[in-house]
Amino acid sequence: MLATVRGACPHDCPDTCALLTTVQDGVALKVQGNPDHPPTAGVLCKKVSHYAERTYHPGRLLQPLRRVGPKGAGRFEPVSWDDALDDIAGRLRAIAARDPQAILPYSYCGTMGLVQGEAMAGRFFHKLGASLLDRTICASAGAEGLTQTLGARVGMKVEFFAEARLIVIWGSNSIASNLHFWRLANEAKRKGARLVCIDPRRTETAEKCHEHVQLLPGTDAALALALMHELVVHDWLDHDYLDRHTVGWEALRERALQWSPERAAQVCGVPAEQIRALARDYGTTQPAAIRLSYGMQRVRGGGNATRAVACLPALTGAWRHRAGGLLLSTSGYYPVDRAALQRPDLLAGRTPRTINMVQIGDDLLRPASPGFGPAVEAVIVYNSNPLAVAPESGKVVRGFAREDLFTVVLEQFRTDTADYADYLLPATTQLEHWDIHASFGHTDVLLNRPAIAPVGQARTNTEVFRALAVRMGFDDPCFAEDDGSLCRTAFGDRIDYDALREHGFASLPVPDAPFADGNFPTPSGRCEFFSERLARQGLDGLPDHLPNYEAIGSSARYPLAMISPPARNFLNSTFVNVESLRDIEVEPVLEMHPLDAAERGIADASVVRVFNDRGEYLCKARVNARARPGVVNGLGIWWRKLGLQGTNVNELTSQRLTDLGRAPVFYDCLVDVQPA
Ligand code: SF4
């Protein structure tokens with residue numbers, strides 16, 4: 001029997017596509033984009049159009065496994081679900097009896113689903129009283145910067161980019177990581193819009209824009225302030241909008257006037273004339289739209305940089321138009337009832353410590369102390385692959401290699417992290433479970449129905465945490481809630497669930513031009529150039545340029561700045577094991593400008609050693625002009641064991657945190673490179 005099942009892409013991507021899975025006799029034959037869902041328009045990226053291949057991949061974990069070899073060796077024996085769960089519950093119970101904070105959940109956006117993400121897992125760890133995890137590894141600097149300026153993670157509706165006359169793509173390789181936005185930008189281009197890309201790397205997207213501003217990493221705030229300088233000097237300002245809908249204009253104006261294009265040019269490493277020309281375009285074109293993305297906030301000043309860019313549309317009144325303004329994230333529009341899903345009330349007055357997932361390397365190696373609390377004795381990893389994705393991975397590896405650390409990993413594949421598990425539990429894919437999805441790139445809710453039965457003995461995350469809850473003696477009724485009910489709980493009666501069931505997606509009632517008349521969700525109701533909330537914390541109330549911790553030119557030993565944007569056919573560390581996609585990427589590479597390569601005697605396609613005080617990484621040099629002089633691009637995120645020497649680019653990145661949002665600084669990293 002042939003059937004088509006509606007679903008949602010679970011991956012950490014702003015497009016949140018609606019899927020149609022064709023199923024015959026219980027087997028998924030193909031996964032396609034739903035043509036009825038406007039943001040998807042029937043198109044999936046290459047990665048997810050291979051989802052059936054991924055689902056039936058020969059490397060899929062099909063049964064629970066128990067470690068038999070040393071940590072990291074990846075040697076396991078099969079074990080029954082009951083035996084595995086009994087033993088895991090027993091081990092957790094013993095640790096919890098001493099101090100439940102010694103147990104750490106570790107998870108992120110391996111699925112963006114609200115149910116298989118933090119619903120039953122949240123309940124379980126709250127009831128247990130485990131350490132809380134600060135889930136900051138991707139977007140929290142930008143989220144905080146946006147929230148301090150606009151009031152929440154809100155912005156333009158993506159569909160209206162197609163009507164813009166000027167589109168500034170800031171810190172995004174949209175062709176690789178925001179494909180459906182790129183379709184809209186192209187539509188605007190065909191109608192005569194000008195496209196400008198701001199990115200330290202000459203990406204596929206930059207190549208296809210009219211203009212590429214190839215600035216140095218971590219200098220975006222300086223560029224934004226210089227654009228403001230020009231808007232002020234030439235009076236390309238909407239004074240009425242500034243008067244009625246902003247806070248702190250006079251102070252911001254003074255700050256901007258300190259940033260002449262010449263000063264910013266020195267900092268950003270781009271010509272002053274290019275800054276002037278961009279300011280002229282931005283100040284004299286309406287509607288003008290900025291598609292900001294997360295690459296630029298992965299540096300020390302990432303929060304401030306987001307604030308500076310987010311101020312721009314209010315200076316020119318771009319928000320008056322539905323095709324004007326800025327989009328970083330739409331996730332703040334979604335009325336998700338996280339308290340009902342995750343039940344923090346189960347903490348029952350306890351306030352466990354919080355561990356920042358960015359600093360897992362240090363924290364797994366930290367002994368017990370009055371300041372830190374108990375040493376971490378158990379880690380439960382789900383929806384994440386910290387060995388590959390967390391910074392300074394040499395330390396992360398040493399932490400997970402601790403013989404006294406009890407590690408449980410819920411996974412679909414034998415990732416780098418899975419190799420360090422004491423118990424490795426087979427997890428379902430998106431084709432095998434219920435879920436419900438918000439988006440951070442459009443404004444629809446999507447429902448994911450299971451298209452096939454779980455492959456092998458795979459179980460949903462919710463089922464695993466339910467089963468553990470029973471064994472731990474957690475008898476609160478919430479642990480019996482099934483996944484269909486959890487999908488309803490996610491939004492309560494704030495969305496039309498019946499319509500969602502019928503169509504697979506439902507739109508939120510977001511106005512076309514949400515800030516045409518102000519009404520920002522800030523405390524003042526205005527766009528906050530000056531943030532009282534930040535000032536009260538002793539921080540600068542205005543956005544400013546904060547130089548990188550590891551600014552280019554600040555180290556004689558490590559003269560090159562490295563960024564680590566995603567390889568086009570991978571999504572974080574997902575898909576690296578899908579052969580048809582890995583064959584396109586071929587091998588881990590470091591892009592180098594010909595001048596930097598020649599200076600070091602490095603030939604194209606030769607093996608190089610990339611290093612700094614934190615570690616070293618072996619990969620192939622790709623000598624080309626995608627890298628600007630002084631900056632190298634280490635494309636990520638390869639599984640370590642599929643790399644050249646069992647390492648990946650995160651050997652080199654640091655565990656320091658951003659100015660706002662406690663986020664990682666992956667793109668704030670100095671290195672040098674030698675022939676290997
Ligand atoms: S990864 Fe992004 S573009 Fe690809 S199918 Fe998923 S949501 Fe769509």
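The values are calculated or read from the model by the stated rules, or taken from the named source; none is laboratory data. No experiment lies behind these values; they were computed from the predicted model shown. Quick reminder, even Gly has a Cβ in these numbers, built from the backbone with ideal geometry, and neighbours come from all protein chains shown. Keep in mind that these areas ignore ligands, DNA and RNA; they rest on the heavy atoms of the full protein, side chains included. Shrake-Rupley method; radii C 1.70, N 1.55, O 1.52, S 1.80 Å.
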Checklist entry - Given labels modelled 7 Å from the Cα in the Cβ direction, how far is it in nm from R501 to N519? => result 3.2 nm
Checklist entry - List the lysines whose alpha-carbon lies under 28 Å from that of K71, not counting same-chain residues fewer than 8 positions away? => result K395, K641
Checklist entry - Using a 1.4 Å probe on the protein chains only, how many percent of the accessible area of the chain belongs to carbon and sulfur? => result 50 percent
Next on the checklist: Quick test of your reading: applying the under-4.7 Å Cβ rule, which cysteines of the chain are isolated?
Outcome noted: C13, C45, C109, C138, C268, C311, C478, C487, C527, C619, C669
Next on the checklist: Test of understanding: what is the full-extension gain from V586 to R338, defined as 0.36 nm times their sequence separation minus their Cα-Cα distance?
Outcome noted: 85.2 nm
Checklist entry - What is the range 104-164 by shape, rounded, prolate or oblate, if you read a ≥ b ≥ c off the alpha carbon gyration tensor as root eigenvalues and call it rounded for a/c under 1.5, prolate for a/b larger than b/c, and oblate otherwise? => result prolate
Checklist entry - Can you list the residues, at least 5 places off or on another chain, whose amide H is less than 5 Å from the amide H of E411, using H built in the peptide plane? => result L425, A427
Checklist entry - Between A94 and E250, what is the label-to-label distance in nm when each label sits 7 Å out along the Cα-to-Cβ direction? => result 6.8 nm
Item to check | In range of the label at D613: residues from the range 559-581 whose backbone nitrogen is under 17 Å from the point 7 Å along Cα→Cβ | outcome: 559-562
Checklist entry - Taking θ as phi - 60°, what are the ³J(HN,Hα) couplings along the range 120-128 by the Karplus curve (6.51, -1.76, 1.60), each to the nearest whole Hz, with x for Gly and Pro? => result 5, 4, x, 4, 4, 6, 5, 4, 5
Item to check | Cut-off 10 Å between beta-carbons: net charge of the residues surrounding G324, Lys and Arg +1, Asp and Glu -1 | outcome: +2
Next on the checklist: Among A28, P594, T284, which residue has its Cα furthest toward the positive end of the charge dipole of the chain, with +1 on Lys/Arg Cβ and -1 on Asp/Glu Cβ?
Outcome noted: P594
Checklist entry - Mind checking the angle between helix 272-284 and the chain's longest principal axis? C-alpha axes, 0 to 90 degrees, to the nearest 10. => result 90 degrees
Checklist outcome for this item: Rg (one decimal) and Dmax (whole number) from the Cα set of the range 156-231, in Å, equal 12.4, 33
Item to check | Hull shadow area, averaged, the range 276-398 [alpha-carbon convex hull, nm²] | outcome: 12.2 nm²
Item to check | Whichever lysines have a C-alpha closer than 18 Å to that of K208, once near sequence neighbours (fewer than 8 apart) are set aside | outcome: K189, K191
Item to check | In Hz, Karplus ³J(HN,Hα) per residue of the range 27-40 (6.51, -1.76, 1.60; θ = phi - 60°; x = Gly, Pro) | outcome: 10, 6, 8, 7, 10, 10, x, 7, x, 7, 8, x, x, 7
Checklist entry - Once Rh for the chain is found with the Kirkwood sum over Cα pairs, what is the Stokes-Einstein diffusion coefficient at 20 °C and 1.002 mPa s, in µm²/s? => result 84 µm²/s
Checklist entry - Cβ under 14 Å from D517's Cβ, D517 left aside: what net charge do those residues give with Lys, Arg +1 and Asp, Glu -1? => result 0
Checklist entry - Taking Cα pairs under 8 Å and at least six residues apart, what relative contact order does the chain come out at, in percent? => result 21 percent
Item to check | R0 of 25 Å, Cβ-Cβ distance S606-S554: FRET efficiency to nearest 0.05 | outcome: 0.35
Item to check | R0 of 35 Å, Cβ-Cβ distance K620-K30: FRET efficiency to nearest 0.05 | outcome: 0.55
Checklist entry - Which net charge results when you count Lys and Arg as +1 and Asp and Glu as -1 among the other residues whose beta-carbon is under 12 Å from that of A272? => result -1
Checklist entry - What ranking do 201-208, 235-242 get when scored by the average of other Cβ atoms within 10 Å per residue, highest first? => result 201-208, 235-242
Next on the checklist: If you fit an axis through the alpha-carbon atoms of helix 220-233 and take the longest principal axis of the Cα set of the chain, what angle between them do you get, 0 to 90°, nearest 10?
Outcome noted: 30 degrees
Checklist outcome for this item: For the range 120-259, percent of DSSP beta bridges that are antiparallel (nearest 5) comes out at 0 percent
Item to check | Virtual spin-label span in nm between Q266 and A453, 7 Å along Cα→Cβ | outcome: 7.1 nm
Checklist entry - Considering the zone a paramagnetic label at Q645 would reach in this model (a point 7 Å from Cα along the Cα-to-Cβ line), which residues of the range 565-603 have amide N under 14 Å from it? => result none
Item to check | Percent RCO, i.e. relative contact order, over the range 169-286, from Cα pairs under 8 Å lying at least 6 residues apart | outcome: 23 percent
Item to check | Alpha-carbon centroid distance for the pair the range 47-82 / the range 366-433, whole angstrom | outcome: 15 Å
Checklist outcome for this item: Note: the range 605-665, point scatterers on Cα, Debye, no solvent; log10 I/I(0) at q = 0.19, 0.21, 0.26 Å⁻¹ equals -0.81, -0.93, -1.17
Checklist entry - Leaving out same-chain residues fewer than 8 places away, which lysines sit with a Cα under 18 Å from that of K30? => result K46, K47
Checklist outcome for this item: Under the Karplus relation with 6.51, -1.76 and 1.60 and θ = phi - 60°, whole-Hz ³J(HN,Hα) for the range 340-348, x at Gly and Pro, equal 5, 6, 9, 6, x, 5, 5, 5, 6
